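Novice: Before I ask anything, here is the structure I am working with.
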Ligand SMILES: Nc1ncnc2c1ncn2[C@@H]1O[C@H](COP(=O)(O)OP(=O)(O)OP(=O)(O)O)[C@@H](O)[C@H]1O
């Protein structure tokens with residue numbers, strides 16, 4: 001379980017995240033959904049320890065009792081702009097080996113190749129620079145980069161904004177499958193309620209810097225929160 005207690009992020013002139021207290025269950029596919037600017041990315045960045053120094057943070061985050069989870073090892077991150085996962089002058093394999101060195105783990109060639117295979121990516125791509133991959137290949141490689149050290153928590157930010165419906169379906173199916181096989185926890189940020197309803201175990205609804213509701217695909221229709229009701233009613237628009 002990931003516990004947030006009174007988490008705040010504040011800009012010099014205004015609060016951005018307001019005293020968020022929530023327990024995210026472990027081993028679930030969790031969707032974080034909300035309007036643009038509601039604080040979804042900022043919440044992920046706080047979990048990653050990546051909130052910029054110009055903002056002040058408060059409250060506590062406990063990943064698992066008595067454990068210290070580290071970004072890159074226990075926490076994998078697929079950023080909204082997935083190109084940010086790569087170093088332009090390093091091949092994909094060099095980036096992976098650097099990550100292994102940084103976290104004192106051995107590079108697992110077999111596991112990496114099996115991940116590429118599960119995405120139907122050619123193994124030769126590992127020896128290329130990021131700009132020598134197509135956008136779609138690079139996006140799938142960003143997912144591999146986020147999971148290849150077997151993190152317990154995977155944070156995925158707006159993974160499918162640039163994808164057509166078929167590619168979106170394949171990618172989300174892959175991530176859902178991976179989550180179930182590894183029993184990792186996935187925190188998936190999306191605007192798309194239909195995706196959340198199809199894939200999530202639990203949905204957390206964000207509005208204006210806080211989590212205002214928690215529902216499941218089965219219970220959302222009965223939510224008493226007006227914002228959740230409006231999201232649900234307008235889901236096909
Ligand atoms: N470094 C920053 N300095 C000041 N304000 C920031 C900073 N980063 C984010 N914000 C503000 O915090 C609020 C939440 O931003 P955030 O990026 O988390 O929204 P979001 O829900 O992910 O939106 P979107 O769906 O459009 O990506 C916004 O009002 C944004 O302008």
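Novice: Does residue 49 meet the test of being over 24 Å from residue 176 (Cα atoms), within 18 Å of the chain's Cα centre (by Cα) and more than 13 Å from the ligand (Cβ to nearest atom)?
Specialist: yes
Novice: Does any residue of region 200-213 turn out to be without any contact (Cβ under 8 Å) to a residue 24 or more places away in the chain and within 21 Å of residue 42 (Cβ to Cβ)? Can you show your working first?
Specialist: First, pick out the residues of region 200-213 that are without any contact (Cβ under 8 Å) to a residue 24 or more places away in the chain: 212-213.
Within this subset, residues satisfying the condition of being within 21 Å of residue 42 (Cβ to Cβ) are 212-213.
Yes, some residue in region 200-213 is without any contact (Cβ under 8 Å) to a residue 24 or more places away in the chain and within 21 Å of residue 42 (Cβ to Cβ).
Novice: Could I ask something else about it? Show me the helices (runs of 4 or more DSSP H) entirely contained within region 125-237 in which 3 or more residues are in contact with a helix residue (DSSP H, G or I) (Cβ under 6 Å, 6 or more places away or on another chain).
Specialist: Qualifying helices (runs of 4 or more DSSP H): 135-147.
Novice: Further question: Filter region 105-124 for residues that are within 20 Å of residue 171 (Cα to Cα) and assigned to a loop (DSSP other than H, G, I, E, B) and give the result.
Specialist: 119, 120, 121, 122
Novice: Check 28, 3, 84, 111 and return the single one that is under 21 Å from residue 147 (Cβ atoms), more than 12 Å from the ligand (Cβ to nearest atom) and in contact (Cβ under 8 Å) with a residue 40 or more places away in the chain.
Specialist: Of 28, 3, 84, 111, the one residue that is under 21 Å from residue 147 (Cβ atoms), more than 12 Å from the ligand (Cβ to nearest atom) and in contact (Cβ under 8 Å) with a residue 40 or more places away in the chain is 28.
Novice: On to the next question. Do we have any residue at all in region 66-77 that's in contact (Cβ under 8 Å) with a residue 24 or more places away in the chain, part of a helix (DSSP H, G or I), away from the ligand (no atom under 12 Å from the Cβ) and surrounded by 14 or more Cβ atoms within 10 Å (Cβ to Cβ)? Break it down stepwise before answering.
Specialist: At the first step, the residues of region 66-77 found to be in contact (Cβ under 8 Å) with a residue 24 or more places away in the chain are 69-70, 72-77.
From what's left, part of a helix (DSSP H, G or I): none.
No.
To keep it simple, each residue is scored yes or no on (1) closer than 11 Å to residue 31 by Cα; (2) crowded, with 22+ Cβ neighbours inside 10 Å; (3) away from the ligand (no atom under 14 Å from the Cβ).
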site: 188; (1), (2), (3): yes, yes, no
site: 203; (1), (2), (3): yes, yes, yes
site: 208; (1), (2), (3): no, no, no
site: 214; (1), (2), (3): yes, no, yes
site: 226; (1), (2), (3): no, no, yes
site: 233; (1), (2), (3): no, no, yes
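Throughout, read-outs are computed from the coordinates displayed, never taken from laboratory work. Everything numeric in this text was worked out from a predicted model, so none of it was measured. Neighbour counts run over all protein chains shown; Cβ positions are idealised from the backbone, glycine included.
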